[in-house]
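Written out below as structure tokens is the structure these notes cover.
The values are calculated or read from the model by the stated rules, or taken from the named source; none is laboratory data. From a predicted model like this one, the values you see are computed outputs, not experimental measurements. Note: ideal-geometry Cβ built from the backbone for every residue, glycine included; neighbour counts use all protein chains shown.
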Amino acid sequence: MGSARGVSGCSSPEPAANPHIQDATPELAVPGTTWVKVSDYQDKSKLVEALKGVHTVLSFVVAHQDIGNATQTALIDAAIEAGVKRFAPSEWAM
């Protein structure tokens, strides 16, 4: 798949320090979490930048939209490079 689009929920200690991070809408808000918008999972440098300062990534990639597991692999690689401490892969993509 050339370009997956979506929103990844992530836990970050300082959401204001990262322009990719925003507060969730009130009905989605969970105390201690923020949301990271990701529009292009294949742009590794932007993905790494978006994940800097993020402690935990919860991946919810949908398998039938991630041919060859490319999106989740890119997310894992960027999370490692960004220094993410904890990554929960999508069981639906594996």
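Tabulated results
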quantity: Filter result (of a type outside the set (K, R) and modelled with pLDDT of 85 or more) within region 47-65; calculated: L47, V48, E49, A50, L51, G53, V54, H55, T56, V57, L58, S59
quantity: Unmet requirement for V54, which otherwise passes all of (1) of a type in the set (A, V, I, L, M, F, W, C); (2) under 16 Å from F87 (Cβ atoms); (3) not in a loop (DSSP other than H, G, I, E, B); calculated: (3)
quantity: Filter result for H20 (modelled with pLDDT under 85 and surrounded by fewer than 13 Cβ atoms within 10 Å (Cβ to Cβ)); calculated: no
quantity: Residue in region 75-84 that is under 24 Å from G32 (Cα atoms) and not in a helix (DSSP H, G or I) present; calculated: yes
quantity: Selection within region 63-78 - farther than 15 Å from D40 by Cβ and in contact with a Phe, Trp or Tyr (Cβ under 7 Å, 6 or more places away or on another chain); calculated: A63, I76
quantity: Residue under evaluation D40, criteria (1) modelled with pLDDT under 70; (2) outside any helix (DSSP H, G or I), criterion not met; calculated: (1)
quantity: Every pair of residues 6+ apart whose Cβ atoms lie under 9 Å, when the first sits in region 26-45 and is closer than 24 Å to Q65 by Cα and charged (D, E, K, R) while the second is outside any loop (DSSP other than H, G, I, E, B) and modelled with pLDDT under 70; calculated: K37/G6; K37/V7; K37/S8; K37/I21; K37/Q22
